[in-house]
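To start, the structure under review is shown below, and the notes come after it.
We did not get these values from a lab; they are worked out from the coordinates using the rules stated. Bear in mind the structure is a predicted one, so any value in this text is a computation, not a measurement. As a convention, Cβ positions derive from the backbone with ideal geometry for all residues, glycine included, and neighbour counts pool all protein chains shown.
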Amino acid sequence: MTDPAPQDVLVDTAPSAPSADQILFPSGTEVAVRVEEAVSSKTHVAGDFFKISLAEPIIHQHQIIIPAGAQGEGQIVHASKPQFGGKAGELILAARYVVHQDRKVPLRGFQLGAEGGSNQGLANAAAIFAAPLPLVIMGRSAVVPPGTTGIAKLKEPILTDALVHAVPLALDTPIQTAPTEAATPDSTAKSIEPSDI
């Protein structure tokens with residue numbers, strides 16, 4: 001008798017999901033993000049990238065996991081120029097990631113919408129800040145200037161290995177506390193918060 005031919009063995013190489021005790025911050029945690037360059041519905045198109053940074057540090061038990069100022073990119077999800085008949089230009093922005101310790105920290109969504117006719121929705125969309133956010137209307141184009149800040153969310157959890165590079169929090173470090181629920185944008189603004197855009 002001959003031995004039967006060996007059977008192929010399928011090995012699951014997919015990474016296992018992190019356990020609860022590995023997670024410092026779950027996916028969906030809100031973070032404050034700053035737009036670092038002017039973005040305009042007149043000069044930008046869907047798919048374009050733009051510079052962003054982390055507006056406030058991500059902190060765990062008095063240790064800075066990711067410092068404010070960490071650089072990254074956002075992306076234009078939708079942009080339309082002003083149309084004949086008075087239709088204003090529109091912008092929808094999404095945060096994509098920031099980089100810290102040579103690692104990308106993926107982000108999703110961006111509660112920041114702008115339409116060329118009004119800045120009220122933009123101010124409401126990032127209500128963690130006391131002052132209304134700047135929105136410049138130029139020829140009915142929607143323009144988000146540098147320094148504008150909004151709320152993004154972690155696309156993936158931050159795990160305990162981030163503690164290896166954590167920095168002790170200085171006593172004079174300002175901390176901006178964000179509410180768990182951001183205010184609902186005005187109906188004229190564009191919000192992409194519910195999706196994983």
Once you have the Cα-Cα distance between LYS155 and HIS62, take 0.36 nm times their residue separation minus that, and quote the gain in nm to one decimal. 31.2 nm
I want to check the label-to-label distance for ALA17 and LEU169. Put each point 7 Å from Cα in the C-beta direction and report it in nm to one decimal. 2.9 nm
What translational diffusion coefficient, in µm²/s and rounded to a whole number, does the Stokes-Einstein relation yield for region 12-56 at 25 °C and a viscosity of 0.890 mPa s, taking the hydrodynamic radius as the Kirkwood radius over Cα pairs? 171 µm²/s
